[in-house]
Amino acid sequence: MTVQGFTFVRNALRYDYPVVESIRSLLPLCDTVTVCLGQSEDGTEALIRDLQAQHPGKLCIVPSVWDDSLREGGRVLAIETDKAYDAMPPGADWCIYLQADEVLHEAGYAPLRQAMAQWKDDPRVEGLALPYRHFWGSYDYVGSSRKWYRREVRVVRQHPRLRSYRDAQGFRLAGRPLHVKLAMAYVHHYGWVRDPQALQQKVRDFHRLWHDDEWVARHVPDVPEFDYTGIDALERYPGTHPAVMQERIARKNWDFQPPGKFHQSLKDKLLYYIERHTGRRLFEYRNYKLL
């Protein structure tokens, strides 16, 4: 079974992305990993090339220039995803995609390999959806409300008509959602866990991928640090983190205190209650068709 990995990154040091850990979590599963490396001003290229030197023959780097004029819907993120996807060697049975703030837990390697082998020769299965844990503020807490997607497609086939969707949330095949199976390999999403100054810079800059400067000035506070209190539900995480994250976690250098009170509408409270007691998420948006 041939498995390829792909990802994209730009300015990982500026925004404190765990991109090295993300790629390292892909390497044990993949024959090669293709990295679409955007033009950076912070040493990201040296970081990725050093990782390439540590894993000869495993990393393929594709230089890229982002179109900074695209400021609607995060479209540039999907374009960079497509560049990495298109640059992979042909002939893969499966392709695994991670974004620069996503890390696979090694506990999921065996079930993911099993799922890829089980469905490899079934053309009905066009991808695999993976479950997520979304960390917030600290490596000790996960967002637990309905605002966080529970699963997303991160394993796909190679197909000339497969494209990244919207702001690289998922994928479409000839314009329609993929037909997928669920594989119990958790993705840890660390996009909201970092030094509050780095996170505020990331939020300000990334809103420019969706909105014009006037909107950003109105809606993004001009403050030095991100305000972590704007969250509607958190739970303490009782489990382990991926082994590749241990060194980064040990370097954590900021304090996080969860807010004392969460703000949810009556509707959200009711739906959250139903989900907690039944396991069903009513009216859930899915970016795929689960077989």
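Here, each number is a calculation from the coordinates, and none is a lab measurement. In this text the structure is predicted, and so the values were computed from the model without any measurement. A quick note on method: Cβ atoms are made from the backbone with ideal geometry, for glycine too, and the neighbour counts reach across all protein chains shown.
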Item to check | Top positive-direction residue, dipole computed over the chain with Cβ charges, set Ser144, Trp210, Val223 | outcome: Ser144
Checklist entry - Between Rg and the Kirkwood Rh of the range 1-80, both from Cα atoms, what is the Rg to Rh ratio? => result 0.98
Next on the checklist: Among DSSP bridges having both ends in the chain, what percentage is antiparallel? Round to the nearest 5.
Outcome noted: 45
Checklist entry - To the nearest 20 debye, what charge dipole does the range 34-139 have about its Cα centre, counting +1 at the Cβ of each Lys and Arg and -1 at the Cβ of each Asp and Glu? => result 360
Checklist entry - So what is the 222 nm mean residue ellipticity for the chain from helices alone, if each DSSP H run of at least 4 adds -39500 (n - 2.57) and you divide by all residues, rounding to the nearest 500 deg cm²/dmol? => result -8000 deg cm²/dmol
Checklist outcome for this item: On each of the three principal axes the extent of the alpha-carbon atoms of the chain, given in whole Å and largest first, is 51, 47, 38
Checklist outcome for this item: Scalar couplings 3J(HN,Hα) for the range 215-225 by Karplus 6.51 cos²θ - 1.76 cosθ + 1.60 (θ = phi - 60°), nearest whole Hz, x for Gly and Pro, are 5, 4, 4, 7, 10, 10, x, 8, 10, x, 10
Next on the checklist: Can you tally the net charge around Arg172? Count Lys and Arg as +1, Asp and Glu as -1, for every other residue whose Cβ sits under 14 Å from the Cβ of Arg172.
Outcome noted: +4
Item to check | Under 13 Å, Cβ to Cβ, from Gly108 - net charge with Lys/Arg +1 and Asp/Glu -1 | outcome: +2
Checklist entry - Under a Cβ-Cβ cut-off of 15 Å, what is the net charge of the residues other than Gln118 that fall near it, where Lys and Arg count +1 and Asp and Glu count -1? => result +1
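Quick check on the range 3-162: what are the equivalent-ellipsoid semi-axes from the Cα gyration tensor, as sqrt(5λ), descending, whole Å?
Semi-axes, largest first: 23, 20, 17 Å.
So what is the diffusion coefficient of the range 48-126 in µm² per second by Stokes-Einstein at 37 °C and 0.692 mPa s, using a Kirkwood Rh over Cα pairs?
Approximately 211 µm²/s, per Stokes-Einstein.
When the dipole is taken about the Cα centre of the range 24-85, and only Lys, Arg (+1) and Asp, Glu (-1) are charged at their Cβ, what size is it in debye, to the nearest 20?
Working: 6 positive and 10 negative charges, 52 e Å.
Once rounded to the nearest 20, the dipole reads 260 debye.
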Checklist entry - Given C-alpha coordinates of the range 94-216, what is the ratio Rg to Rh with the Kirkwood estimate of Rh? => result 1.02
Checklist entry - Cα gyration tensor of the range 91-146, axes a ≥ b ≥ c as square roots of the eigenvalues: rounded (a/c below 1.5), prolate (a/b > b/c) or oblate? => result prolate
